[in-house]
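Dropping a structure here in structure tokens format, bear with me for questions.
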Amino acid sequence: MDKFTQKYFDAFMADIIARNPGEKEFHQAVREVAASVAPYIVEHPHLMDLKVLERIAEPERIIIFRVPWMDDNGEVRVNRGFRVQCSSVIGPYKGGIRFHASVNLSIMKFLAFEQTFKNALTTLPMGGAKGGSDFNPRGKSDAEVMRFCQSFMTELFRHIGQDTDVPAGDIGVGGREIGYLFGQYRRLRDEFTGTLTGKGLNWGGSRLRPEATGYGLCYFATEMLATRGQSFEGKTVVVSGAGNVAQYAAQKAMRLGAKVVTLSDSDGYIYDPDGLDEDKMAYVFELKNIYRGRIKEYAAKYPTAKYFPGEKPWKTPCDIALPCATQNEIDEAGARALIAGGCQCVAEGANMPSTPEAIQVFQDAGILYSPGKASNAGGVATSGLEMSQNSVRQHWTREEVDAHLHRIMSDIHAACVKYGKEPDGTVNYVKGANLAGFIKVADAMVDQGLV
Ligand code: NDP
């Protein structure tokens, strides 16, 4: 960065920190994007005059609401609900809902900000939003989850709609929760529209939506590997998480010929030196999605696997790492451990799983590294395809959806290469993704005036 750009960047970040005190995840996400796009803004002074980045970093609307519900013992509980509508400049707000004890305004704002650029990258007309609650679904009965979802939607319904804001799932919100949320929305509005995505196949869902984030991640990583004449075939892969994204990333990596040796949850990780196979995957799907069990049970079922309580999987020797659990799960030490273990490619399935220090380690080591906003965009892209199918009241085949997903991931990769290619021929996927997403959103804002 030259002196002038650095001055612009420093002043911009100082303002962000002053206006949003204590929101460290939000600062982190904004800083990463601003560092990538500041030189472009300086070269295009009208973007500076029109305060385009300043406007994107101020959500169009934030809704915070009380979510009261009753647990199975008849006790009243109170949670906090959020919907951060960051940008609707290229389409209706779109982004997931997260139910996790850690949810707060900073996390919601960081996710909505990231989503705005990710959705622009998908090439589909979708704005950026995120929502959620500090409700923890772990250990709750189905009836409790249903009562919570109904109470949450009883406020949210007035702020969303198929042409306004279309929520989807995220951590703690899968098919069960989307069902309860959609049911209550439909009841309150008395209409059947595609206002939520991730719906069941019988009631408006898209084929391949559950698989889309994990599969799309592997399609994107395949393109990354191809830039160095490599593929998944014969590679050892470390996956973190054991939820929706991790399950399908592991399944696709395995089907592309890789040996997937780890899965994790917030209590620890399992290492299976023999690698996952179709039978073991079927067990994981059942364990996590039907019985809602813990990943340590995998090691009890398959004695060749070992469970490491309280640890993350980054010390495991591997060729490829697919972090698919949560934000900031790879710190500097984790990144160094991955490099020491031979890792050549990190493709993010989760949102912002690597800290800035970890990203620096990957970039200094010269390995392939892609940020989640590029490599996990297959999920929201397929949600966009679900919206299209709902609009025309049609169902596409699995092959049709998969072909769209392949093309979209390939297009996102091409955009990253276009904007992120360095003079030495390597691709800076962070710069590429941030610039490609920013230019699309910024141009639309310029076209639409000061709104
Ligand atoms: P799930 O709730 O299905 O799974 C989350 C997994 O991550 C669980 O195994 C969970 O373990 C683990 N996890 C959650 N929080 C932590 C933590 N603090 N430390 C360690 N492990 C943790 O969520 P998804 O798979 O849907 O989402 C995973 C990531 O992917 C998130 O970052 C999400 O934003 C991102 N993403 C998801 C998309 C989607 O389509 N679902 C689309 C794009 C991105 P435990 O059970 O112990 O909580």
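From the list G214, G257, G200, which one is in contact with a Gly (Cβ under 9 Å, 6 or more places away or on another chain), modelled with pLDDT of 95 or more and within 14 Å of the ligand (Cβ to nearest atom)?
G214
Could you grab me the full set of residues in segment 295-322 that are small (G, A, S) and either on the phi > 0 side of the Ramachandran plot or assigned to a loop (DSSP other than H, G, I, E, B) (or both)?
A305, G310
I'm checking my understanding of the structure. Among residues of segment 416-435 that are touching a residue at least 24 places away in the same chain (Cβ under 8 Å) and outside any helix (DSSP H, G or I), which one is surrounded by the most Cβ atoms within 10 Å (Cβ to Cβ)?
Within segment 416-435, the match that is surrounded by the most Cβ atoms within 10 Å (Cβ to Cβ) is V427.
Select from segment 139-169 the residues that are out of contact with any Phe, Trp or Tyr (no Cβ under 8 Å at 6 or more places or on another chain) and either crowded, with 19+ Cβ neighbours inside 10 Å or touching a residue at least 12 places away in the same chain (Cβ under 8 Å) (or both) and list them in ascending order.
Matches in segment 139-169: S141, D142, A143, T154, H159, G161, Q162, D163, P167, A168, G169.
Could you please find all residues in segment 267-285 being within 23 Å of the chain's Cα centre (by Cα) and surrounded by fewer than 17 Cβ atoms within 10 Å (Cβ to Cβ)?
Across segment 267-285, the qualifying residues are D267, F285.
From the residues in segment 64-92 that are surrounded by 16 or more Cβ atoms within 10 Å (Cβ to Cβ) and touching a Leu at 6+ places or on another chain (Cβ under 8 Å), which one is nearest to F113 (Cα to Cα)?
So, considering only residues that are surrounded by 16 or more Cβ atoms within 10 Å (Cβ to Cβ) and touching a Leu at 6+ places or on another chain (Cβ under 8 Å), the one nearest to F113 (Cα to Cα) is V84.
For segment 328-342, enumerate the residues that are surrounded by fewer than 22 Cβ atoms within 10 Å (Cβ to Cβ), of a type in the set (D, E) and in a loop (DSSP other than H, G, I, E, B).
In the first step, residues of segment 328-342 are kept if they are surrounded by fewer than 22 Cβ atoms within 10 Å (Cβ to Cβ); the result is 328, 331-333, 336-337, 339-342.
Okay, now just the ones that are also of a type in the set (D, E), so 331-332.
If the condition is that a residue be surrounded by fewer than 22 Cβ atoms within 10 Å (Cβ to Cβ), of a type in the set (D, E) and in a loop (DSSP other than H, G, I, E, B), then D331 is the only one that fits.
If you don't mind, another one. Kindly indicate whether any position in segment 180-188 is in contact with a Gly (Cβ under 7 Å, 6 or more places away or on another chain) and either surrounded by fewer than 19 Cβ atoms within 10 Å (Cβ to Cβ) or at pLDDT 95 or above (or both).
Looking for residues that are in contact with a Gly (Cβ under 7 Å, 6 or more places away or on another chain) and either surrounded by fewer than 19 Cβ atoms within 10 Å (Cβ to Cβ) or at pLDDT 95 or above (or both), one finds none in segment 180-188, hence no.
Can I ask one more? Within the group G91, G139, G74, G132, which residue is among the small types (G, A, S) and touching a strand residue (DSSP E or B) at 6+ places or on another chain (Cβ under 6 Å)?
Of G91, G139, G74, G132, the one residue that is among the small types (G, A, S) and touching a strand residue (DSSP E or B) at 6+ places or on another chain (Cβ under 6 Å) is G132.
Please enumerate the residues belonging to segment 1-34 that are farther than 17 Å from N328 by Cα, within 24 Å of the chain's Cα centre (by Cα) and touching a residue at least 40 places away in the same chain (Cβ under 8 Å).
I16, N20
A325 is checked against (1) surrounded by 20 or more Cβ atoms within 10 Å (Cβ to Cβ); (2) within 15 Å of the ligand (Cβ to nearest atom); (3) not in a loop (DSSP other than H, G, I, E, B) and fails just one. What number does that condition carry?
(3)
Same structure again: Among the listed residues R147, R138, R186, which satisfies the condition of being assigned to a loop (DSSP other than H, G, I, E, B) and more than 15 Å from C86 (Cα to Cα)?
R138
Condition check ((1) surrounded by 21 or more Cβ atoms within 10 Å (Cβ to Cβ); (2) in contact with a strand residue (DSSP E or B) (Cβ under 8 Å, 6 or more places away or on another chain)) across all residues:
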{"residue": "V245", "(1), (2)": "yes, no"}
{"residue": "A249", "(1), (2)": "yes, yes"}
{"residue": "V260", "(1), (2)": "yes, yes"}
{"residue": "L287", "(1), (2)": "no, no"}
{"residue": "R292", "(1), (2)": "no, no"}
{"residue": "K301", "(1), (2)": "no, no"}
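Taking segment 356-383, which residues are in a helix (DSSP H, G or I) and closer than 17 Å to G214 by Cβ?
G372, K373, A374, S375, G378, G379, V380, A381, T382, S383
Also, I was wondering about something else. Among the listed residues R255, R228, R176, which satisfies the condition of being among the basic types (K, R) and free of Cβ contacts under 8 Å to residues at least 12 places away in the same chain?
The match here is R255.
For segment 356-382, which residues satisfy the criterion of being more than 10 Å from the ligand (Cβ to nearest atom) and in contact (Cβ under 8 Å) with a residue 60 or more places away in the chain?
P356, I359, Q363, G366, L368, Y369, S370, P371, A374
Same structure, new question: Could you tell me which residue of segment 15-63 is surrounded by the fewest Cβ atoms within 10 Å (Cβ to Cβ), considering only residues that are among the hydrophobic types (A, V, I, L, M, F, W, C) and touching a strand residue (DSSP E or B) at 6+ places or on another chain (Cβ under 7 Å)? First the steps, then the outcome.
Looking only at segment 15-63, we keep the residues that are among the hydrophobic types (A, V, I, L, M, F, W, C), and these are 16-18, 26, 29-30, 33-35, 37-38, 41-42, 47-48, 50, 52-53, 56-57, 62-63.
With the extra rule that they be touching a strand residue (DSSP E or B) at 6+ places or on another chain (Cβ under 7 Å), the set shrinks to 56, 62-63.
On the way: I56: 24, I62: 15, I63: 17.
Looking at residues that are among the hydrophobic types (A, V, I, L, M, F, W, C) and touching a strand residue (DSSP E or B) at 6+ places or on another chain (Cβ under 7 Å), I get I62.
The values are calculated or read from the model by the stated rules, or taken from the named source; none is laboratory data. Owing to the predicted nature of the structure, the values given are computational and were not obtained by experimental measurement. Backbone-built Cβ (ideal geometry, glycine too); neighbour counts: all protein chains shown.
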